[in-house]
Amino acid sequence: MNPAVSAVTDRIIERSRPTRQTYLSLIEREREGWIGRPRLGCANLAHAYAGTPEDREAMTTRHEAMNIGLVTAYNDMLSAHAVYYRYPEQMKVWAREVGATAQVAGGVPAMCDGVTQGYAGMELSLFSRDTIALSTAVALSHGTFEGAALLGICDKIVPGLLMGALRFGHLPMILIPGGPMPSGLPNKAKAAVRERFATGDCGREELLEAEIAAYHTQGTCTFYGTANTNQMMMEVMGLHMPGAAFVNPGTKLRQELTRAAVHRLAAIGVHGDDYRPLGACVDEKAIVNAAVGLLATGGSTNHLLHLPAIARAAGIVIDWEDFDRLSAAVPTVARVYPNGSADVNAFEAAGGMPFVIRELIGAGYLHRDLMTVAGDDLAAYGERPVIEGERLTWQPVLASGDETILRPADRPFSPDGGMRILQGNIGRACIKVSAVERERWVVEAPARVFADQLEVLAAFRNGELERDVVVVVRFQGPRANGMPELHKLTPPLGVLQNRGFKVALVTDGRMSGASGKVPCAIHCSPEALGGGAIGLIRDGDLIRVDAEAGTLTALVDADEWTARAPAAAPPPASGMGRELFGLFRGLADEAEKGASAILAGAGL
């Protein structure tokens, strides 16, 4: 193993020792005391299977055969989740092929950040992850399943599914992806139209036409944002069938991978000789692999929130310092939009995750000795799935099909992973520089302070930002308003940068996984609500965002800085259901711990 990866792994293991042992004791106790079908009363069993009379006899009498719970994020408002429409009925058939049964245990909400960006609904987005975790727990609480298939893809859905499922970690589980939509309008062309719209050089009709040409059918969006980063992580953690991440919907290969996942679930249950509980699969090495994969592929900054939350649900503690140390050592081997011009379909065609995993294992950056759902060696994920005749099989990936997209680990695009931790008198923040030109890594400019992203857009339209500027958007943290993404700011800030100005963003909120070329110091912690130092910044303060040195500093006299009173918080917003999430906001912990209310509330 690479020494830095080994050292971070050891650091996490040591830090997590008491909480991980508590977690392992929990899932062992749950396994031994699990209600299970043999222990359920007759009336309970009758209720459980009244909806599936075709499988009732097998479910009530053949307790040694697995009954698989399907937890689904299906809806037909999200392109990525619309593909799941017929999955349950297909999966029930495939379960019967191996003597098992399956039921839809429950549904989880799946909202689309692409729909809510810039609007009030976005303030529910991050806490939808906690809601999904709770919904997953409700679905699995009936005690009638010996394993589960988790059907979800997008931003908060996969983390939420795992956070809930890991509290049932004695059960074997497999994540079932649906795949990316075929390529439409290239992402760079879409971004160019957005910038033209921001400057008034095109109208709404042209913008809508471009957006529909980009997001044109079922499947995940084709840029490498949070949804597709989720799928990468499930591969390097060994929670998919190997190579399942980026196979398009509606193909024979996609169907056969889902069928293989159902068959595999039936083989790794507690009654067999290859028991693989989820809580044992998600260990410290798997969490490190997820972080390494994130850095090596230039993935979404949202996972600096999601991965710590997933880890905590399994009794593992990872912090931003771990990411920072890994980023200094792990090379960037992929360039996918917004870190390059290629989309995920081109990435898959060039070798995709099998190439990435093989290269990173070979160079010592990934732990291969994992308990995965497929076996005990992550090397199986270094082969790509193919259909030979009518049979699903896996073949080696010998070389990159396009070195503008994928490179070997010994000839990477960059020697590091492109994420930095910034620290200074403003607090602690994250910055992703893998898509930022090197000459823009340091920005020193006067602050313009806002408490709402709509105020930024108005100031841009009024010409008030036509200068070197550090845009500060505060009261966007989890406790203030649910930590929405501020992706609507990307086009106007990009326009200012294109005009030759030095521009940066500092915020205690989030940016989209699709964000790129503008330097953004995000997740600033402590957040403004409650007295975080970002609340001390005033218009005109000289701010230095320095990704080279890893600093985030207000260049203000120290005595004046400490004497300032924090800015007053705006009143809590209501409408669009935001008032219903007050409990979540009140309980949420800091960004570095995952910004979760339910984990904080549970004392995890």
Of (1) surrounded by fewer than 24 Cβ atoms within 10 Å (Cβ to Cβ); (2) in a strand (DSSP E or B); (3) not acidic (Asp, Glu), Ala521 fails just (1)
Residues in the stretch 51-77 that are in a loop (DSSP other than H, G, I, E, B) and crowded, with 21+ Cβ neighbours inside 10 Å total 3
Could you grab me the full set of residues in the stretch 554-604 that are exposed (fewer than 11 other Cβ atoms within 10 Å of the Cβ) and part of a loop (DSSP other than H, G, I, E, B)?
Asp557, Ala565, Ala568, Pro571, Gly575, Gly603
Considering only the stretch 499-518, state which residues are touching a Lys or Arg at 6+ places or on another chain (Cβ under 9 Å) and not in a loop (DSSP other than H, G, I, E, B).
Val503, Ala504, Val506, Thr507
Yes or no: the stretch 470-480 includes at least one residue that is assigned to a helix (DSSP H, G or I), closer than 27 Å to Gly114 by Cα and touching a helix residue (DSSP H, G or I) at 6+ places or on another chain (Cβ under 6 Å).
yes
Any residue in the stretch 575-604 that is over 19 Å from Met122 (Cβ atoms) sitting within a Cβ distance under 8 Å of a residue that is of a type in the set (S, T, N, Q)? List the pairs, counting only those 6 or more apart or interchain.
Asp589/Ser596; Glu590/Ser525; Glu592/Ser525; Leu604/Thr19
Taking the options Gly577, Gly601, Gly586, Gly582, name whichever one is more than 14 Å from Thr131 (Cα to Cα), outside the structural domain of Ala521 (by TED's automatic domain parsing) and small (Gly, Ala, Ser).
Gly586
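I'd like to verify a number: residues in the stretch 84-103 that are buried (at least 20 other Cβ atoms within 10 Å of the Cβ) and either among the aliphatic types (A, V, I, L, M) or part of a helix (DSSP H, G or I) (or both), how many?
Residues flagged as buried (at least 20 other Cβ atoms within 10 Å of the Cβ) and either among the aliphatic types (A, V, I, L, M) or part of a helix (DSSP H, G or I) (or both) within the stretch 84-103 amount to 8.
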Can you tell me which residues in the stretch 475-513 are basic (Lys, Arg) and in contact with a Gly (Cβ under 6 Å, 6 or more places away or on another chain)?
Lys488
Number of the condition not met by Ala48 [criteria: (1) assigned to a loop (DSSP other than H, G, I, E, B); (2) surrounded by 14 or more Cβ atoms within 10 Å (Cβ to Cβ); (3) of a type outside the set (Ser, Thr, Tyr)]:
(1)
Matching entry among Gly340, Gly364 (being within 21 Å of the chain's Cα centre (by Cα) and either surrounded by fewer than 17 Cβ atoms within 10 Å (Cβ to Cβ) or at pLDDT below 95 (or both))
Gly340
Looking at the structure I just gave you, is Leu465 part of a loop (DSSP other than H, G, I, E, B), touching a Pro at 6+ places or on another chain (Cβ under 8 Å) and either among the basic types (Lys, Arg) or assigned by TED's automatic domain parsing to the domain that holds Gly550 (or both)?
yes
Leading residue by the ranking (surrounded by the fewest Cβ atoms within 10 Å (Cβ to Cβ)) among those in the stretch 112-134 that are among the small types (Gly, Ala, Ser) and touching a Leu at 6+ places or on another chain (Cβ under 9 Å)
Gly118
Picking from Arg368, Arg384, Arg358, Arg391, which residue would you name as being touching a residue at least 40 places away in the same chain (Cβ under 8 Å), basic (Lys, Arg), assigned by TED's automatic domain parsing to the domain that holds Asn248 and touching a helix residue (DSSP H, G or I) at 6+ places or on another chain (Cβ under 9 Å)?
Arg384
Is the stretch 398-408 home to any residue that is at pLDDT below 95 and either in a loop (DSSP other than H, G, I, E, B) or more than 30 Å from Gly500 (Cα to Cα) (or both)?
yes
Among (1) assigned to a loop (DSSP other than H, G, I, E, B); (2) under 23 Å from Ala149 (Cβ atoms), Met353 falls short only on (1)
Restrict the check to the stretch 208-215 and report whether at least one residue is of a type in the set (Ser, Thr, Tyr), in contact with an Asp or Glu (Cβ under 7 Å, 6 or more places away or on another chain), within 22 Å of Cys154 (Cβ to Cβ) and at pLDDT below 95.
no
Quick check: is even one residue across the stretch 183-190 surrounded by fewer than 19 Cβ atoms within 10 Å (Cβ to Cβ), outside any helix (DSSP H, G or I) and at pLDDT 95 or above?
no
Answer yes or no as to whether Gly315 is in contact with a helix residue (DSSP H, G or I) (Cβ under 7 Å, 6 or more places away or on another chain), part of a loop (DSSP other than H, G, I, E, B), in the same structural domain as Arg167 (by TED's automatic domain parsing) and not aliphatic (A, V, I, L, M).
yes
Number of positions in the stretch 214-253 that are under 17 Å from Pro491 (Cβ atoms) and not in a loop (DSSP other than H, G, I, E, B):
1
Among the residues of the stretch 415-426, is there at least one that is at pLDDT 95 or above, farther than 25 Å from Gly225 by Cβ and buried (at least 22 other Cβ atoms within 10 Å of the Cβ)?
yes
What residue, of Ala311, Ala328, is surrounded by fewer than 24 Cβ atoms within 10 Å (Cβ to Cβ) and either at pLDDT 95 or above or within 17 Å of the chain's Cα centre (by Cα) (or both)?
Ala328
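The values are calculated or read from the model by the stated rules, or taken from the named source; none is laboratory data. The shown structure was predicted, so the numbers you read here are calculated from the model rather than taken from an experiment. Heads up, the Cβs are rebuilt from the backbone with ideal geometry, glycines too, and the neighbour counts pull from every protein chain shown.
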